[in-house]
Amino acid sequence: MKFNQIYYLPKGYKIRKLPNEYDVKEPYNANSARYKYKDNIFSIEGKTKDLKYKIEPSEFDYFKKNALERQKHKKRASNIIFEKKQWS
């Protein structure tokens, strides 16, 4: 699945810091996300692909560790700070 989300910010606002790009390929799936900001347009482009649907009991700890890392990235990416530009 590919996705592209576009957000138009009001003039006079900016993003304090863009999230880091995300690119992970593991035995279960592959995920990537790219963040861009230009001329008050914030966009997120990404892909996700499921590679394996069954998790064996012996793989559960590995799967859980990677799922927690993915969750951390999603939390960081969802906490984007917008701020009003200061004019001189």
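Numerical summary
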read-out	value
Contact order normalised by residue count of the chain, Cα under 8 Å, 6+ apart, percent	36 percent
The chain: most fluctuating residue of Ser32, Ser58, Ser78 per GNM, C-alpha cutoff 10 Å	Ser58
Computed over the chain, Kirkwood Rh from alpha-carbon pairs, angstrom	15.0 Å
Integer Hz, Karplus 6.51/-1.76/1.60 couplings in order for the range 28-38, x for Gly and Pro	8, 6, 10, 9, 8, 8, 10, 10, 9, 9, 7
Selection from Pro57, Ala67, Ile80 lying farthest towards where the dipole of the chain points positive, charges on Cβ	Ile80
Helix axis angle, 60-78 relative to the chain longest principal axis, alpha carbon, degrees	10 degrees
Using a Förster distance of 22 Å, the FRET efficiency for Lys64-Ala30 (Cβ separation, nearest 0.05)	0.75
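Read-outs throughout are calculated quantities, based only on the coordinates presented, and are distinct from any laboratory measurement. Predicted model only: the values in this text are computed from it and were never measured. Glycine also receives a Cβ, built like all others from the backbone with ideal geometry; neighbour counts cover every protein chain displayed.
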